[in-house]
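Let me begin by presenting the structure, written as structure tokens, before commenting on it.
The numbers here are math on the coordinates, done by the rules we state, and not lab data. Bear in mind the structure is a predicted one, so any value in this text is a computation, not a measurement. Every residue, glycine among them, receives a Cβ derived from its backbone with ideal geometry; neighbour counts consider all protein chains shown.
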Amino acid sequence: MNLLSGLFNSSLGKKFLMALTGVALVMFVVVHMVGNLQFFLGREVLNHYAHVLKSNPEILWPSRIGLLSCVIIHITMAIWLTIENRTKRLTGYAVQDAGAASLASRTMIYSGTIIGAFIVYHLLHYTVLLQSINLTGRDFSVFRDVHGQPDVYRMMIIGFSNSAVSGFYLLGVGLLCFHLSHGIWAMLQTLGLVNETYRTTIERASVIGAGLLFIGYASIPVTILTGLVK
């Protein structure tokens with residue numbers, strides 16, 4: 001109990017919780033991208049992958065609950081730390097050198113807020129399959145392939161054929177990767193995995209990794225919008 005109280009009541013503890021939940025969320029982002037990229041292997045492969053995920057609720061639901069918990073903790077700690085830092089600056093106990101901080105680090109709370117809205121929309125769009133927000137007038141829940149499985153491939157083709165949907169998706173994943181370009185390095189530093197010798201290398205690797213994630217996620221709506229995949 002004292003350990004938990006210490007984590008929540010100290011700035012270092014909050015940063016540690018942010019870093020731990022950040023690791024879990026980054027792992028999910030990578031795995032989710034790899035799963036999505038099966039789109040390029042065709043309808044059969046992608047729909048089978050989606051079917052396997054949904055047909056194992058004993059794995060799916062604990063994973064969802066765990067991820068949701070990580071998101072809530074991560075966001076809560078971020079807001080808490082932001083409020084604490086602003087309060088300290090106002091009372092004169094700390095001065096932040098804004099010029100030394102990167103744009104990504106200075107806008108983490110704002111990019112995180114938009115990313116949160118994007119995640120909610122994305123879940124309603126492709127997981128809950130809420131027809132009123134897909135902007136196509138189509139009911140994705142009735143899409144089935146030749147095996148009677150949900151036709152996720154068709155959902156993606158039709159969903160991302162709408163330029164507004166794809167535009168918001170690209171904005172969302174763009175901000176997510178911009179967020180990660182600083183976040184990956186920051187969480188490694190908090191966990192004590194960054195030293196001065198490799199600091200610059202790790203910072204650059206974080207930016208490159210975030211860029212590769214953006215390319216992976218953006219490749220699907222871009223190829224659909226440009227008609228390369230139909």
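Say R0 is 30 Å: what FRET efficiency, to the nearest 0.05, do SER63 and SER11 get from their beta-carbon distance? Don't jump to the answer; show the numbers that get you there.
Details: r = 30 Å, r/R0 = 1.01.
After rounding, the FRET efficiency stands at 0.50.
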Q: In whole angstrom, note down how far apart the Cα centers of the range 136-192 and the range 18-87 are.
A: 12 Å
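Given an 8 Å cut-off on Cα distances and at least 6 residues of separation, report the relative contact order of the range 124-230 as a percent.
Once divided by the residue count of the range 124-230, the mean separation gives 25 percent.
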Q) Based solely on its DSSP helices, what 222 nm [θ] is calculated for the chain when runs of n ≥ 4 H residues each add -39,500 (n - 2.57) and the sum is averaged over all residues, nearest 500 deg cm²/dmol? A) -25000 deg cm²/dmol
Q.
Under the rule a/c < 1.5 gives rounded, and otherwise a/b versus b/c splits prolate from oblate, where does the range 111-230 land using the Cα gyration tensor?
A. prolate
Q. Could the peptides 153-161, 139-147, 51-59 be put in order, highest first, of the mean number of other beta-carbon atoms found within 10 Å of their residues?
A. 153-161, 139-147, 51-59
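So how do GLU203, GLU196 line up by other beta-carbon neighbours within 10 Å, fewest first? Display every interim value, and only then the final one.
On the way: GLU203 19, GLU196 6.
Neighbour counts put them in this order, fewest first: GLU196, GLU203.
Calculate the FRET efficiency for TYR126 and ALA205 from the Cβ-Cβ distance with a Förster distance of 25 Å, rounded to the nearest 0.05.
Numbers: r = 30 Å, r/R0 = 1.21.
With R0 = 25 Å, the Cβ-Cβ based efficiency is 0.25.
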Q: Just rank CYS70, CYS177, fewest to most, by other beta-carbon atoms within 10 angstrom.
A: CYS70, CYS177
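For the chain, what relative contact order do you get, as a whole percent, if you take Cα pairs closer than 8 Å and at least 6 residues apart?
Working: 198 pairs, mean separation 57.8, N = 230.
This gives 25 percent for the chain.
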Q: Determine the gain in length on full extension of the stretch MET27-GLU84; use 0.36 nm per residue of separation and subtract their C-alpha separation, reporting nm with one decimal.
A: 17.7 nm
